[in-house]
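Asks: Below is the structure I would like to discuss, written out as structure tokens.
The values are calculated or read from the model by the stated rules, or taken from the named source; none is laboratory data. Source: prediction; values computed, not measured. Positions of Cβ are backbone-derived with ideal geometry, glycine not excepted, and every protein chain shown enters the neighbour counts. The accessibility values were calculated without ligands, DNA or RNA, using every heavy atom of the protein model including side chains. Shrake-Rupley method; radii C 1.70, N 1.55, O 1.52, S 1.80 Å.
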Amino acid sequence: MKRFAVIVFPGSNCDHDAYHVINSMENTSVDFIWHKENSLNDYDVIIVPGGFSYGDYLRAGAIARFSPIMKAVIEESKKGKQVIGICNGFQILIECGLLPGALITNKNIKFLSKPVFLNVVNNKTSFTHLLNEGDIISMPIAHKQGNYIANQNTVKELESNDQIAFKYHSNNPNGSLLDIAGIFNKEKNVLGMMPHPERASDQKLGSNDGSQIFQSMLES
């Protein structure tokens with residue numbers, strides 16, 4: 001039995017989506033964890049979901065990074081536990097320093113909500129081992145600040161350490177550097193991605209490609 005924690009901030013709106021996906025899988029248990037809690041010792045996997053934490057009033061993820069639970073997220077990540085940040089969760093993981101670079105406003109300055117195609121770049125991780133390198137998968141995006149940027153040294157590290165998880169296929173929707181849609185930390189136990197795998201984990205929603213990410217996490 002693998003225990004999943006779904007962090008909930010004021011303004012989270014994809015927490016129930018993530019909970020539903022995990023709850024529908026065998027050999028799992030899942031709990032919502034309010035952002036004012038300060039321990040994640042009992043959990044194997046941590047999900048930082050999408051939404052608009054604190055309304056994105058300052059900068060996406062910039063306030064959430066100071067929530068008490070984020071200290072626990074950082075501590076557990078250093079123990080090697082799996083942490084996945086999706087959309088706003090990706091922004092929070094960058095703001096708290098678990099992932100490098102920055103996420104800025106989309107190139108067209110508009111909120112984007114549509115399905116996209118992704119290329120699987122690295123399938124040798126606990127998040128992606130059930131996928132094949134080069135696979136083209138489909139899932140939706142829903143963000144205004146998803147344009148990934150980084151300095152030259154960071155880009156070199158991302159490429160040399162195989163830290164790029166996913167790239168947008170053929171049509172980059174937001175202007176992200178190198179078409180980046182998701183990255184790992186150096187240890188490959190933290191993944192941040194802008195597209196929503198939890199919204200593509202049931203064929204009734206148009207794609208179940210995202211389920212392979214959660215199943216990979218379960219079976220790793």
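Asks: Filter region 66-84 down to the residues that are without any contact (Cβ under 8 Å) to a residue 60 or more places away in the chain, open to solvent by 10 Å² or more (accessible area, probe 1.4 Å) and in contact with a Leu (Cβ under 9 Å, 6 or more places away or on another chain) and list them by number. Walk me through it before giving the result.
Replies: Applying the first criterion (without any contact (Cβ under 8 Å) to a residue 60 or more places away in the chain) to region 66-84 yields 66-68, 70-72, 74-76, 78-79.
From what's left, open to solvent by 10 Å² or more (accessible area, probe 1.4 Å): 66, 68, 71, 74-75, 78-79.
Those that are without any contact (Cβ under 8 Å) to a residue 60 or more places away in the chain, open to solvent by 10 Å² or more (accessible area, probe 1.4 Å) and in contact with a Leu (Cβ under 9 Å, 6 or more places away or on another chain): 74, 75.
Asks: Pairs needed: first member in region 191-220, among the aliphatic types (A, V, I, L, M); second member anywhere, at pLDDT below 95 and open to solvent by less than 30 Å² (accessible area, probe 1.4 Å); C-beta distance under 6 Å; at least 6 residues apart or different chains.
Replies: 200/207
Asks: Tell me, which strands (runs of 3 or more DSSP E) lie completely within region 26-113 with 2 or more residues that are under 15 Å from the mean Cα position of the chain (by Cα)?
Replies: Values: elements: 28-34, 45-48, 82-86, 102-104.
Hits in region 26-113: 45-48, 82-86, 102-104.
Asks: Working carefully through the options 153, 161, 174, find the one that is open to solvent by less than 10 Å² (accessible area, probe 1.4 Å) and out of contact with any helix residue (DSSP H, G or I) (no Cβ under 8 Å at 6 or more places or on another chain). Even if it seems obvious, please write down each step before you answer.
Replies: On the way: 153 fails: open to solvent by less than 10 Å² (accessible area, probe 1.4 Å); 161 fails: open to solvent by less than 10 Å² (accessible area, probe 1.4 Å).
Criteria check complete, one pass: 174.
Asks: Scan region 199-211 and tell me whether some residue there is open to solvent by 50 Å² or more (accessible area, probe 1.4 Å), more than 18 Å from residue 80 (Cα to Cα) and part of a loop (DSSP other than H, G, I, E, B). Steps first, answer last, please.
Replies: Our first condition is that a residue be open to solvent by 50 Å² or more (accessible area, probe 1.4 Å); within region 199-211, this holds for 199, 202-206, 208.
Checking which are more than 18 Å from residue 80 (Cα to Cα) leaves us with 199, 202-206, 208.
Those left that are additionally part of a loop (DSSP other than H, G, I, E, B): 206, 208.
Yes, the conditions are met somewhere in region 199-211.
Asks: Out of 182, 175, I need the residue that is part of a strand (DSSP E or B) and under 22 Å from residue 52 (Cβ atoms). Which one? Full working, then the answer.
Replies: Details: 175 fails: part of a strand (DSSP E or B).
Unique residue meeting the criteria: 182.
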